[in-house]
Amino acid sequence: MAALEESGAAFLVKLMNEIFGVDIRILDDKEAFDSWYQKMPEYRKKKIDGIKPINDKKLSLGAGIALHRALLANGIKEYEVGIAEHGKPYILGREDIFFNLSHSGNIAVCAISDSEVGVDIEKKRNFSEGLIKKVFDDREIQDVERSTETIDDRNERYTALWTIKESVMKYYGIGIAMDPACIHVDLGKKISVDCQAFPEENLNIFFNNYDEIMLTICSKNNNFNKVINFL
C-alpha cells in the first residue's frame, strides 16, 4: 500500500490504495465548517455554494476534505481537478494518481490509488420489486432470495450488490450511464462485465460494512486497504 518516492535527498511515503473518510457530523460546528471550507479549492467551494440543503453541503465539503487529506498524504498540497467526458474527476497533470469520491448517510470517502479506481458507499435502502428486476439479473435475485430470510436481510444484501455494481460503473468512469444489468455479481464477489463498450478486465472487489453504511472499492490492484482512514 505504501511506496517510497525519492525527491532529491528526501523520501516521501506515498499512501496509495487507501480510503480516506470524513464523518460529516464534525461539520455541525459552524467554525469547523468555515475553517475547512476556506481550505478547499475554488471548484469545490463553487460546488458547495450551489447546494441548498445543509446536510448535502456538508457531504460535498466532506468529500472535498477526504480528497484533500488523501492528496496531502501523498505530498500534494496544490492541485487542479479536471472532469472527464462522463463526469469522472481526475487530477490535472498527474497520470500517476487516481481517485474517486462517494458519500452516503453521514460519511464521505475518497479512494486514492496508483491505478484506476471506483468507490461507492450506500446506506442500507429498500428495494422495490421493480427496481430489483431493473438492476439485478435472475441469478443474482435467486442468490439473494435463497440466502435471506427477512426483508431487512434481503435489502441489506441487495444494497451490498448495488454498491459493487456502482463501484464498477464508477471504475469505468461512466456511472449510471452504464447499464447495471450488464454487470454480473455472484455471492463470492466474482464479477463479470457483459457490455461491448466496456472490455472486461481483471477487477478486484473490496467490501466493508460500517453499521448500515456499506463500502465497496473496485480496482485492478490485488491489495487495497478497505478500512476507512477517518479524520
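Every number here is computed from the coordinates shown, using simple stated rules; none is lab data. Since this is a predicted model, take the numbers as computed values, not measurements. For neighbour counting, all protein chains shown are included, and Cβ atoms are generated from backbone atoms with ideal geometry for every residue, glycine included.
Observations on the structure shown:
- Degrees separating the helix 54-72 axis from the principal Cα axis of the chain, which is the longest one: 60
- Ranked by the mean number of other Cβ atoms within 10 Å per residue, highest first, peptides 212-219, 132-139 order as 212-219, 132-139.
- Expected 222 nm ellipticity per residue - DSSP helices of 4 or more, -39500 (n - 2.57), all of the chain, to 500: -10000 deg cm²/dmol
- For region 120-221, radius of gyration divided by Kirkwood radius, i.e. Rg to Rh on alpha-carbons: 0.94
- For Gly105, distant residues with modelled amide H under 5 Å away: Lys123
- Environment charge of Asp56, counting only residues whose C-beta is closer than 13 Å and scoring Lys/Arg +1, Asp/Glu -1: +3
- Phi-derived couplings, Karplus 6.51 cos²θ - 1.76 cosθ + 1.60 at θ = phi - 60°, listed residue by residue for region 222-231: 7, 10, 9, 6, 8, 8, 5, 8, 7, 5 Hz, with x used for Gly and Pro.
- Given (i) -0.58, -0.80, -1.28; (ii) -0.56, -0.80, -1.43; (iii) -0.70, -0.90, -1.25, the label whose value is log10 I(q)/I(0) by the Debye sum over Cα atoms at q = 0.11, 0.13, 0.17 Å⁻¹ derived from this model: (i)
- Sparsely packed trypsin sites (Lys or Arg not before Pro) within region 65-95, loop by DSSP, other Cβ within 10 Å at most 11: Lys77
- Of Lys123, Lys57, Lys46, the one that fluctuates the most in a GNM where the chain has Cα springs shorter than 10 Å: Lys46
- Other residues with beta-carbon under 14 Å from the beta-carbon of Tyr79 carry, at +1 per Lys or Arg and -1 per Asp or Glu, a net charge of 0.
- Near Ile151: Cβ cut-off under 13 Å, other residues only, Lys/Arg at +1 and Asp/Glu at -1. The net charge is -2.
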